[in-house]
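Here the structure comes first, spelled out in structure tokens, and everything after it is commentary.
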Amino acid sequence: MILSALLLATTPVMITKAEPIPLEKETVPRKGKAKDKNGFYIGDQLIAPNDIIDARALPQLKGNPIIMLTLTGEGTERLTEATAGNGFSQMIEIRFKGAVLSQLVLGGPIRDSVLTFSVSVPYQKAQNIAAEISQKQPLPESTE
């Protein structure tokens, strides 16, 4: 025990600072993967406003807000198609207006009609982004 205390006392302490990776703002599309700067893309697949039933931002107690998209049947097919070509643990970008909003690590194709992803912006801005993506306001929480 004394020896381990001496070793700890003589071992230099290395402290590293974790820095967030900045999101890409404007990037040149990769060869063969043209992206409309005004569109919403999951990978290379355009998700049009008519593919989205509802889009809303949800605050989180800790961390960044998330955006939740509820997709139509066609939108869900596009999402599955966009994520099908990626292998296990592959990363896929979510882009809007030419900027990366988020990156997902995939375990396989996404077949759900609801997609959630975090965004590195304040909650109010996340609400605005969700409304711009769907080009409509979120549906009411209740129909009562």
| Residue ID - nearest to the chain's Cα centre (by Cα), chosen from residues in the stretch 50-65 that are assigned to a strand (DSSP E or B) and surrounded by fewer than 18 Cβ atoms within 10 Å (Cβ to Cβ) | 58
| message | Tell me the residue from 135, 127 that is touching a Pro at 6+ places or on another chain (Cβ under 9 Å), touching a residue at least 12 places away in the same chain (Cβ under 8 Å), loosely packed, with under 13 Cβ neighbours inside 10 Å and not acidic (Asp, Glu), please. | response | 135
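Tally up the residues in the stretch 122-144 that are in contact with a Leu (Cβ under 9 Å, 6 or more places away or on another chain) and closer than 16 Å to residue 69 by Cβ, please.
Residues in the stretch 122-144 being in contact with a Leu (Cβ under 9 Å, 6 or more places away or on another chain) and closer than 16 Å to residue 69 by Cβ: 5 in total.
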| said: I'd like the full set of residues that are touching a Lys or Arg at 6+ places or on another chain (Cβ under 9 Å), surrounded by 19 or more Cβ atoms within 10 Å (Cβ to Cβ) and over 19 Å from residue 58 (Cβ atoms), limited to the stretch 77-115. | reply: 83, 95
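Read the figures in this text as sums done on the coordinates, not as results from a lab. Quick caveat: nothing in here was measured; it's all calculated off a predicted structure. Counting neighbours? That spans all protein chains shown, and the Cβs are built from the backbone with ideal geometry, glycine included.
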